[in-house]
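The values are calculated or read from the model by the stated rules, or taken from the named source; none is laboratory data. No experiment lies behind these values; they were computed from the predicted model shown. A quick note on method: Cβ atoms are made from the backbone with ideal geometry, for glycine too, and the neighbour counts reach across all protein chains shown. The area values use the complete protein model at the heavy-atom level, side chains included, leaving out ligands, DNA and RNA. Shrake-Rupley method; radii C 1.70, N 1.55, O 1.52, S 1.80 Å.
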Amino acid sequence: MKKILIVLGLLAVFATVTKICLSCSEKRIADLTEQVEALKEDCVPMRFEILKKKDSQITVKVAFYDIVTGNKVGKSDTFELNGEELNVDFQVIKLSPNNFIFFPSGLYTDMIPLAESEPLYKLYEKQGFPLIYEGIADTSSKAGKKNLKQELCQYLALSTTLVNTEKESGKKAQYGTSIHDLKTISQFKKGFVYKVLCHPHTGGIEIVKED
């Protein structure tokens with residue numbers, strides 16, 4: 001009887017801890033959702049320039065930006081890709097019916113399959129944090145900033161895991177609230193810069209030529 005009471009006591013403690021952790025996670029999600037609600041109708045986490053398009057090869061330079069401040073973050077990189085059409089792959093996380101966050105995940109072409117896409121996460125990630133959302137975290141208090149960073153790190157990790165799983169399995173995965181948003185450009189010109197417009201309140205993505 002004593003052993004049973006001990007076990008029940010431990011289960012009660014475990015249940016309480018689980019509930020507290022869940023509440024903390026829900027609060028972080030609520031904090032992040034509140035910050036996303038305050039964003040403008042569109043933001044630009046990524047730009048790219050077509051440096052060369054010749055003989056079924058595309059050379060493109062990619063750069064990333066803080067969606068709040070517009071400052072360049074992370075590392076720029078240049079990719080030489082076989083193909084005629086450039087595809088940009090995003091993972092989109094739905095926080096609430098009207099609030100979404102976006103993670104640029106890969107580049108591929110009509111000749112390079114999604115499973116072999118050039119990964120983009122490493123260019124704007126620092127110690128597990130997506131630098132394109134630095135501005136969101138900076139708008140909070142010290143404690144709030146820590147919570148927001150933890151939540152954003154978790155979502156980036158989730159997105160990275162999904163992409164890696166897809167590459168290993170060769171199949172397009174859709175788990176939870178993470179989905180694909182694929183954008184293709186077939187009509188583009190050398191020397192032009194294109195920006196990726198993300199709409200945080202609809203989950204939509206556009207690619208438009210920079211003015």
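Miscellaneous remarks
- Restricted to region 105-136, and to residues there that are free of Cβ contacts under 8 Å to residues at least 60 places away in the same chain and among the small types (G, A, S), the residue that is surrounded by the fewest Cβ atoms within 10 Å (Cβ to Cβ) is G128.
- From T33, T69, residue being surrounded by fewer than 14 Cβ atoms within 10 Å (Cβ to Cβ) and under 20 Å from K146 (Cα atoms): T69
- Residues in region 188-211 that are over 20 Å from S96 (Cα atoms) and in a loop (DSSP other than H, G, I, E, B): 7 in all.
- Which numbered condition G128 misses (of (1) at pLDDT below 90; (2) closer than 20 Å to M46 by Cα): (1)
- Candidate set: region 92-104, residues that are open to solvent by 30 Å² or more (accessible area, probe 1.4 Å) and not charged (D, E, K, R); chosen: the one nearest to H201 (Cα to Cα): N98
- Considering region 72-91, and only residues there that are surrounded by fewer than 19 Cβ atoms within 10 Å (Cβ to Cβ) and in contact (Cβ under 8 Å) with a residue 60 or more places away in the chain, the residue that is farthest from C43 (Cα to Cα) turns out to be E84.
- Consider region 40-66 and keep the residues that are surrounded by 19 or more Cβ atoms within 10 Å (Cβ to Cβ) and in contact with a Cys (Cβ under 8 Å, 6 or more places away or on another chain). The one that is farthest from G204 (Cα to Cα) is P45.
- Test: residue in region 105-120 that is touching an Asp or Glu at 6+ places or on another chain (Cβ under 9 Å), charged (D, E, K, R), under 21 Å from V92 (Cβ atoms) and modelled with pLDDT of 90 or more: yes
- Per-region count, region 62-120, residues of a type in the set (D, E) and either in contact with a Leu (Cβ under 8 Å, 6 or more places away or on another chain) or at positive phi (or both): 4
- Criterion violated by L148 - all others in (1) more than 18 Å from E49 (Cα to Cα); (2) modelled with pLDDT under 85; (3) not basic (K, R) satisfied: (2)
- Residues located in region 91-111, provided they are farther than 16 Å from P130 by Cβ and small (G, A, S): S96
- Contact map, region 38-66: first residue without any contact (Cβ under 8 Å) to a residue 12 or more places away in the chain, second residue aromatic (F, W, Y) and surrounded by 15 or more Cβ atoms within 10 Å (Cβ to Cβ), Cβ cut-off under 8 Å, separation 6 or more or different chains; the map is empty.
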